[in-house]
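Q: There's a structure below that I have some questions on.
The values are calculated or read from the model by the stated rules, or taken from the named source; none is laboratory data. Predicted, not measured: the structure shown is a model, and the values here were computed from it. Using ideal geometry, Cβ is built from the backbone for each residue, glycine included, and neighbour counts are taken over all protein chains shown. Surface areas here come from the heavy atoms of the whole protein model, side chains and all, with no ligands, DNA or RNA. Shrake-Rupley method; radii C 1.70, N 1.55, O 1.52, S 1.80 Å.
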Amino acid sequence: MSTRLARILTTLFVLATVLLPIYWLVSTSLKSNREITQEGTLYPHVPTLANYVRLFTEKQFGSYLTNSLVVTFVSVAIALVAGAMGAYAIARFRLPLAMEGKVGLFLLTLRIIPPVVILIPVYLLMLSLGLLDTWLGLIVTYTAFNVTFCVWMMESFFREIPVDLEEAAMVDGDSRFGAFRRITLPLAAPGLAATAIFAVLVTFNEFLFALALTATPRAMTMPRGTATLIGRIDTDWASMAAAGVIGALPIVFFALLVQRHLVRGLTMGAVK
């Protein structure tokens, strides 16, 4: 009985820890700024959607959200395609000096280095290319970061797929690329889903490079645009909470869409 009670209390504690911030975010988005800063209520006494309406009519949040979705989708898609082919080459072919076992880790050093260390070189590079405050500048930057992570993560998934399947397809007349596209890639779909969701989370929430590389609503991403709600004199807490709710919806939708592949992909990666 005591063990069961401990489990129930532990479950309630975990649920409260996870759900309380979400409740606070949603309830704050439905309050007025007066109710947030002066009355400090635990729940919205007069729920209102005015904060959401103000985001799109006065704060240009629609542009920030569109920028985030486009930049995230394009950069992650390019990184997945390039990363999958790079990881396949590392997993299937022998490189000079037996580098196939180390090149994945070498590529990952770009993600290991603190982003602030390479912030200025990236800024100067984008300045010289004329890509500051553009979608293309952000896409190039995020793709460079994501492709290294994709190669490192997808390599283990490709190594777990038997080579015999590809060889059987090639004996039947398929080309190497055809066997990769029709046999190997579908079998690696759980790994692609797991890699994609991690890349989407990192890219969609990235703030530092968006802060340095964008300056106007035409290219600002959602995290960068939300920061503009913090003024010198006051902060629009209600609009920031509403922005947080809206910003979380694409990630939640994407996670629900790929959750079946995600669980399988994480399991495959755990037994490498």
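Q: In the stretch 35-46, which residues are among the hydrophobic types (A, V, I, L, M, F, W, C) and open to solvent by 50 Å² or more (accessible area, probe 1.4 Å)? It would help to see each step written out before you state the result.
A: Initially, the stretch 35-46 is screened for residues among the hydrophobic types (A, V, I, L, M, F, W, C), giving 36, 42, 46.
Of everything in the stretch 35-46, those that are among the hydrophobic types (A, V, I, L, M, F, W, C) and open to solvent by 50 Å² or more (accessible area, probe 1.4 Å) turn out to be Leu42, Val46.
Q: Also, quick follow-up: Looking at the stretch 1-34, which of the residues that are of a type outside the set (S, T, N, Q) and over 30 Å from the mean Cα position of the chain (by Cα) is most open to solvent (accessible area, probe 1.4 Å)?
A: Of the residues in the stretch 1-34, the ones of a type outside the set (S, T, N, Q) are 1, 4-9, 12-16, 18-26, 30-31, 34.
Next, only the ones that are over 30 Å from the mean Cα position of the chain (by Cα) stay: 1, 4-9, 34.
Values: Met1: 182, Arg4: 161, Leu5: 96, Ala6: 51, Arg7: 167, Ile8: 80, Leu9: 101, Arg34: 140 Å².
It comes out as Met1.
Q: Also, quick follow-up: Can you pull out the residues in the stretch 209-226 that are open to solvent by less than 60 Å² (accessible area, probe 1.4 Å), assigned to a helix (DSSP H, G or I) and either over 17 Å from Thr66 (Cβ atoms) or out of contact with any Lys or Arg (no Cβ under 7 Å at 6 or more places or on another chain) (or both)? Write out each step before concluding.
A: Initial filter on the stretch 209-226 (open to solvent by less than 60 Å² (accessible area, probe 1.4 Å)): 209-210, 212-214, 216-217, 219-226.
Those still in the list that are assigned to a helix (DSSP H, G or I) too: 209-210, 212-213, 222-226.
Matches in the stretch 209-226: Phe209, Ala212, Leu213, Met222, Pro223, Arg224, Gly225, Thr226.
Q: Can you tell me which residues in the stretch 132-162 are touching a residue at least 40 places away in the same chain (Cβ under 8 Å), farther than 25 Å from Val70 by Cβ and open to solvent by 60 Å² or more (accessible area, probe 1.4 Å)?
A: Trp152, Arg159, Glu160
Q: Let me ask something additional. Which members of the stretch 227-245 meet the condition of being open to solvent by 20 Å² or more (accessible area, probe 1.4 Å) and part of a helix (DSSP H, G or I)?
A: Ala227, Trp237, Met240, Gly244, Val245
Q: Next up: Any residue that is within 23 Å of Ala196 (Cα to Cα), without any contact (Cβ under 8 Å) to a residue 60 or more places away in the chain and open to solvent by 70 Å² or more (accessible area, probe 1.4 Å) - is there at least one of those in the stretch 115-131?
A: Of the residues in the stretch 115-131, the ones within 23 Å of Ala196 (Cα to Cα) are 115.
Subset that is without any contact (Cβ under 8 Å) to a residue 60 or more places away in the chain: none.
No, the conditions are met nowhere in the stretch 115-131.
Q: Also, quick follow-up: Of the residues that make up the stretch 231-239, is at least one farther than 16 Å from Ser29 by Cβ, modelled with pLDDT of 85 or more and not basic (Lys, Arg)? Lay out the reasoning, then the answer.
A: Keep residues of the stretch 231-239 that are farther than 16 Å from Ser29 by Cβ, which gives 231-234.
Still in the list and also modelled with pLDDT of 85 or more: none.
Looking for residues that are farther than 16 Å from Ser29 by Cβ, modelled with pLDDT of 85 or more and not basic (Lys, Arg), one finds none in the stretch 231-239, hence no.
Q: Mind listing whichever residues of the stretch 96-112 are closer than 15 Å to Glu206 by Cβ and open to solvent by 60 Å² or more (accessible area, probe 1.4 Å)? Can you show your working first?
A: Taking the stretch 96-112 and keeping what is closer than 15 Å to Glu206 by Cβ, we get 110-111.
Arg111, the sole residue that qualifies.
Q: Then there's this: Show the residue pairs meeting these rules: Cβ distance below 8 Å; 6+ apart or different chains; first residue within the stretch 206-234 and more than 13 Å from Ser63 (Cβ to Cβ); second residue of a type in the set (Val, Ile, Thr) and at pLDDT below 90.
A: Listed pairs, sorted by first residue: Leu208/Val116; Leu229/Thr235.
Q: Tally up the residues in the stretch 246-268 that are of a type in the set (A, V, I, L, M), modelled with pLDDT of 70 or more, surrounded by 17 or more Cβ atoms within 10 Å (Cβ to Cβ) and under 30 Å from Ser156 (Cβ atoms), please.
A: From the stretch 246-268, those of a type in the set (A, V, I, L, M) are 246, 248-249, 251-252, 255-258, 262-263, 266, 268; that's our starting set.
Those still in the list that are modelled with pLDDT of 70 or more too: 246, 248-249, 251-252, 255-258.
Okay, now just the ones that are also surrounded by 17 or more Cβ atoms within 10 Å (Cβ to Cβ), so 246, 258.
Still in the running and under 30 Å from Ser156 (Cβ atoms): 258.
Residues meeting the conditions: 1.
Q: Being of a type in the set (Phe, Trp, Tyr) and open to solvent by 30 Å² or more (accessible area, probe 1.4 Å) is the filter here; which residues of the stretch 47-83 pass it?
A: Pass one, the stretch 47-83, residues of a type in the set (Phe, Trp, Tyr): 52, 56, 61, 64, 73.
Once the filter is applied, which keeps residues that are of a type in the set (Phe, Trp, Tyr) and open to solvent by 30 Å² or more (accessible area, probe 1.4 Å), the stretch 47-83 yields Tyr52, Phe56, Phe73.
Q: If I ask for residues that are polar (S, T, N, Q) and within 23 Å of the chain's Cα centre (by Cα), which ones from the stretch 47-103 would you list? Let's see the steps before the verdict.
A: As a first pass, look at the stretch 47-103 and keep what is polar (S, T, N, Q): 48, 51, 57, 60, 63, 66-68, 72, 75.
Those that are polar (S, T, N, Q) and within 23 Å of the chain's Cα centre (by Cα): Gln60, Ser63, Thr66, Asn67, Ser68, Thr72, Ser75.
Q: Hey, among Ala6, Ala98, Ala82, Ala50, which residue is closer than 30 Å to Thr148 by Cβ, hydrophobic (A, V, I, L, M, F, W, C) and at pLDDT 85 or above?
A: Numbers: Ala6 fails: closer than 30 Å to Thr148 by Cβ; Ala98 fails: at pLDDT 85 or above; Ala50 fails: closer than 30 Å to Thr148 by Cβ.
Answer to the check: Ala82.
Q: Can you find even one residue in the stretch 33-46 that is out of contact with any Cys (no Cβ under 6 Å at 6 or more places or on another chain), in contact (Cβ under 8 Å) with a residue 40 or more places away in the chain and among the basic types (Lys, Arg)? First the steps, then the outcome.
A: Filtering the stretch 33-46 for residues out of contact with any Cys (no Cβ under 6 Å at 6 or more places or on another chain) gives 33-46.
Still in the running and in contact (Cβ under 8 Å) with a residue 40 or more places away in the chain: 33, 36-37.
Remaining after also requiring among the basic types (Lys, Arg): none.
Scanning the stretch 33-46 turns up no residue that is out of contact with any Cys (no Cβ under 6 Å at 6 or more places or on another chain), in contact (Cβ under 8 Å) with a residue 40 or more places away in the chain and among the basic types (Lys, Arg).
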